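Chemist: Quick one: structure below, then a few questions.
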Amino acid sequence: MNRLELIRAIPKAELHVHIEGTFEPELMFAIAQRNQIDIPYKSVEEVKKAYNFHNLQSFLDIYYAGAAVLIHEQDFYDLAWAYFEKCAEDKVVHTEMFFDPQTHTDRGVAFATVINGLQRACDDALTKLGISSQLIMCFLRHLSEEVAFTTLEQALPYKDQIIGVGLDSSEVGHPPSKFERVFAKAREAGFLVVAHAGEEGPAEYVWEALDLLKVNRIDHGVRSEEDPKLMARLIAEKMPLTVCPLSNLKLCVVDDMAQHNIQRLLKQGVHVTVNSDDPSYFGGYMNDNFISIAEALDLSNDEIKTLAKNSFEASFISNEQKQKWNNQIDALA
Ligand code: ADE
Ligand code: ZN
């Protein structure tokens, strides 16, 4: 199998995707129209022209504005279902999706509306497409810890439908330490925990996510490379990093894909995985991310297999499931 065929055929898990970041302009227009909400664009082309980001905040401003058209349970269903159809095309067989409840509850949308729509899509993905999934609820780090506690309370009745909590939004100036107590409470309640760290923020934020939030995975983490002691720790603990290459390029975390550090991290023994982050905004879904790094960094077929195996190993599925996907990857030529 050549490299492109392998990328398309190999089973993968996606561990870092914001469901609100999969909102394609065509669907955004359709939902805005049926909800009779004005959006500041006249056409899909105009929307795409606005996707001209130079850093995380310039993206987040547009991403939150887009999410504001989501009102009804069916809107959340349609959003997630469209993403699952992309998963089916890209051979993503398992996904652990982030959602940002505060983006919706702050506009008066009930927590139940969000979770019921997403859950129904997850159920259909399993029965109709054979894709398994989990939901991870993120706290917005630009908001206070106090409101994160409120969101955690709102999530407790849905504990069985939410595998973990995460931390996203504007990183610099909002270190993990700001959320130490709410993460402790989430862990006590039985949630697994992850956090964005070392995307735009310094390696110090990755240390805090490990030591104070006690995360099971680091989201992004690419700036860990600046700190050799941190690198040694990540390698020794087999701590997964959910790396998002096209996101890093689009948000100017790297200037050029040929300079992306994912292959260097992999060669040094860091447990890196490939993910799409906000694929509608960053120019591609899972396979586009794989193809982009494979071409820019000349990845070998063995490196592609390791990245795919890492995605299952770092996921929250059972050991039996991990073994099953591992065997399937080994069986590929
Ligand atoms: N929310 C959605 N995408 C994000 C990213 N890449 N970093 C932080 N918060 C986000
Ligand atoms: Zn992210």
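Quick grid of which residues meet (1) surrounded by fewer than 20 Cβ atoms within 10 Å (Cβ to Cβ); (2) on the phi < 0 side of the Ramachandran plot; (3) among the aromatic types (F, W, Y):
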site: S169; (1), (2), (3): no, no, no
site: H196; (1), (2), (3): no, yes, no
site: G201; (1), (2), (3): no, yes, no
site: Y205; (1), (2), (3): no, yes, yes
site: L212; (1), (2), (3): yes, yes, no
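Chemist: Please find, among A258, A232, the residue that is free of Cβ contacts under 8 Å to residues at least 24 places away in the same chain and not β-branched (V, I, T).
Modeler: A232
Chemist: Regarding region 4-19, can at least one residue be identified that is surrounded by fewer than 22 Cβ atoms within 10 Å (Cβ to Cβ), over 30 Å from S318 (Cβ atoms) and touching a Lys or Arg at 6+ places or on another chain (Cβ under 9 Å)?
Modeler: Scanning region 4-19, I find no residue that is surrounded by fewer than 22 Cβ atoms within 10 Å (Cβ to Cβ), over 30 Å from S318 (Cβ atoms) and touching a Lys or Arg at 6+ places or on another chain (Cβ under 9 Å), so the answer is no.
Chemist: Can I ask one more? I'd like to know if region 161-178 contains one or more residues that are within 16 Å of ligand 1 (Cβ to nearest atom) and assigned to a helix (DSSP H, G or I).
Modeler: Taking every residue of region 161-178 in turn, at least one turns out to be within 16 Å of ligand 1 (Cβ to nearest atom) and assigned to a helix (DSSP H, G or I).
Chemist: Does any residue in region 42-71 that is farther than 17 Å from I31 by Cα come within less than 6 Å, Cβ to Cβ, of a residue that is assigned to a loop (DSSP other than H, G, I, E, B) and acidic (D, E) six or more places away or on a different chain, and which pairs are these?
Modeler: Partner pairs satisfying both residue conditions: L56/E200.
Chemist: Do any helices (runs of 4 or more DSSP H) lying entirely in region 208-319 carry at least 2 residues that are among the hydroxyl-bearing types (S, T, Y) and within 15 Å of ligand 1 (Cβ to nearest atom), and which ones are they?
Modeler: 279-282
Chemist: Looking at (1) within 16 Å of ligand 2 (Cβ to nearest atom); (2) open to solvent by 10 Å² or more (accessible area, probe 1.4 Å), find the lone condition where D123 falls short.
Modeler: Every condition holds for D123 apart from (1).
Chemist: Restricting to region 114-154, name every residue that is assigned to a helix (DSSP H, G or I) and of a type in the set (G, A, S).
Modeler: G117, A121, A125, A148
Chemist: Mind telling me which of the residues A30, A80, A65 ends up being open to solvent by 40 Å² or more (accessible area, probe 1.4 Å), closer than 27 Å to A148 by Cα and not hydroxyl-bearing (S, T, Y)?
Modeler: From the options A30, A80, A65, the qualifying one is A65.
Chemist: Tell me, yes or no, whether region 149-167 has at least one residue that is touching a residue at least 60 places away in the same chain (Cβ under 8 Å), within 16 Å of ligand 2 (Cβ to nearest atom), crowded, with 18+ Cβ neighbours inside 10 Å and at negative phi.
Modeler: Scanning region 149-167, I find at least one residue that is touching a residue at least 60 places away in the same chain (Cβ under 8 Å), within 16 Å of ligand 2 (Cβ to nearest atom), crowded, with 18+ Cβ neighbours inside 10 Å and at negative phi, so the answer is yes.
Chemist: Restricting attention to region 5-34, which residues are away from ligand 1 (no atom under 16 Å from the Cβ) and either in contact with a His (Cβ under 7 Å, 6 or more places away or on another chain) or of a type in the set (F, W, Y) (or both)?
Modeler: A13, F29
The values are calculated or read from the model by the stated rules, or taken from the named source; none is laboratory data. Every value quoted in this text rests on a predicted model; they were computed, and no experiment measured them. We place every Cβ from the backbone using ideal geometry, glycine too, and count neighbours over all the protein chains shown. These accessible areas exclude ligands, DNA and RNA; they are computed on the full protein's heavy atoms, side chains included. Shrake-Rupley method; radii C 1.70, N 1.55, O 1.52, S 1.80 Å.
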